[in-house]
Amino acid sequence: MRTSFASQCLHHETFAKYLRFSTYKTASLIHPIHDPIKEFGIVVDGCLKAEKYTFNGNELCCAYFENDDVFPEFLYFTGKKVYTYALVAVKKTEVAWIATSVFERMLREDPEMMYSFLLYTAERGMKNQTLLNCLHYQTIQQRISFWLLSMNNLSQNEYIRLPKSQTIWANTLHVSRSSLNQELRRMEEAGYFRIEGHVLHLLDRQSLEQFL
């Protein structure tokens, strides 16, 4: 199993000493929109949310950052040096911060870290594309099936790591929490998968593929 980029950062023999750790309470606003990006963050434990609001004041969830996720890599390396969303703690969350200049230096000086970072950003990009494609499906069963099959393809383990809560998962799939919970119970009872805590073991890939 490949060691995650986040874990490599946290234990790097040269650059780990530059990390600073902060813990945020539930609903804490960590960075408001337009805040300058001076550090990269690594979610050590917990969950953060990138959110915006429409003109009418409705909340839009742009993305979630969970354990081992790095942010705001896409913003920074595409030239945006400020947050284009508000960064909020969904629950109590510990974050390891590293200055952008140190982070860039680490990537320049350590080819293995650069390669690991490229793998991480590619996987993150694939996950984002999966979520967009997932929304083309109409039924909850189809969205769950597509998401599970896609995450299984990306997983380096024999299981799929689930979101921190069903609320986060429901928001990700753009369905109600109650509907998601009901469909998950039905599909698990049918033997398509087995859920143990925050991990899922896929048992019948072929049947899930037939739903799509």
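Tabulated results
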read-out	value
Ranked list, fewest to most other Cβ atoms within 10 Å of each Cβ, for Ser145, Ser4, Ser28, Ser101	Ser101, Ser28, Ser4, Ser145
Protection-proxy order for peptides 199-210, 65-76, each taking the mean of Cβ atoms within 10 Å per residue, highest first	65-76, 199-210
Rounded to 10°, Cα long-axis angle of helix 100-109 versus longest principal axis of the chain	90 degrees
Enclosed volume per residue, in Å³, of the convex hull spanned by Cα atoms of the stretch 75-158	166 Å³
Bins of 5 Å from zero: percent of alpha-carbon pairs in the stretch 1-105	2, 12, 22, 25, 20, 12, 4, 2, 1, 0
The stretch 86-212 - Debye-derived log10 I(q)/I(0), Cα point model, q = 0.11, 0.14, 0.18 Å⁻¹	-0.49, -0.74, -1.06
Net charge of Cβ neighbours under 12 Å - reference Met187; Lys, Arg +1; Asp, Glu -1	0
Largest-first ellipsoid semi-axes for the chain, taking √(5λ) over the Cα gyration tensor eigenvalues, angstrom	31, 21, 15
Amide H contacts of Lys92 (H built 1.01 Å from N, under 5 Å, at least 5 apart or other chain)	Thr26
Under 5 Å, built H, 5+ apart or other chain: amide partners of Val82	Ile37
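All of the numbers you see were taken from the coordinates with simple rules; none came from a lab. Predicted model only: the values in this text are computed from it and were never measured. Note that each Cβ is placed from the backbone with ideal geometry, even for glycine, and that neighbours are counted across all protein chains shown.
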